[in-house]
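Visitor: Below is one structure. I have some questions about it.
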Amino acid sequence: MMKTFKIINRKTSRELFSFLLITLWIYAAVEKLIQLETFRIRLSQFPFISEYAELLAWLVPGVEIMIALLFFFPRLKDEAYLASFSLLLIFTVYIIAVLNLSDSIPCSCNGVLPSLSWKEHILFNGGFLILALAGLVMSPQQRKYDQ
């Protein structure tokens, strides 16, 4: 009975984490694509990446959509969790670098949740980093129970 509860709990947790990450990536990508020109302009105002704004305006939402789609393929779920963790880590490290190393800090008004401050974005990303890492860590155990 206890083993069954652990299996269900692990499976349920992993599915919930997948759902939350899919929701994050699709929402973030759609918001960027709907406001593509605004997103491109804001990217051009960011330190360190301004010269790549045109490319990143398309690349970032494209990658976000691809990561979300990976979650729908059971054999690629590990890669989806790893890609989620990696992209969230890159975003978070970049935000921290801009806040600590740049003289000009652009507004955070084009983030996933426009009302969040940069520090709140870091915490928000941190929460999703934990979900992605938890899904990734649960993965080998999950496969053992699925067999």
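The values are calculated or read from the model by the stated rules, or taken from the named source; none is laboratory data. All values derive from a computational prediction rather than experimental measurement. Note that each Cβ is placed from the backbone with ideal geometry, even for glycine, and that neighbours are counted across all protein chains shown. Heads up: the accessible areas ignore ligands, DNA and RNA and are worked out on the full protein's heavy atoms, side chains in. Shrake-Rupley method; radii C 1.70, N 1.55, O 1.52, S 1.80 Å.
Visitor: Within region 54-102, list the chymotrypsin sites (Phe, Trp or Tyr not before Pro) lying in a DSSP loop whose Cβ has at most 15 other Cβ atoms in a 10 Å radius.
Guide: In loop regions of region 54-102 (DSSP not H, G, I, E or B), the sparsely surrounded chymotrypsin sites (Phe, Trp or Tyr not before Pro) are Phe72.
Visitor: When only C-alpha pairs under 8 Å and at least 6 residues apart count, what is the relative contact order of region 1-98, in percent?
Guide: Over region 1-98, the number comes to 26 percent.
Visitor: May I pose another question? At 1.4 Å probe size, with no ligands or nucleic acids counted, give the accessible surface of Ser84 in Å², nearest ten.
Guide: Here the accessible area works out near 0 Å².
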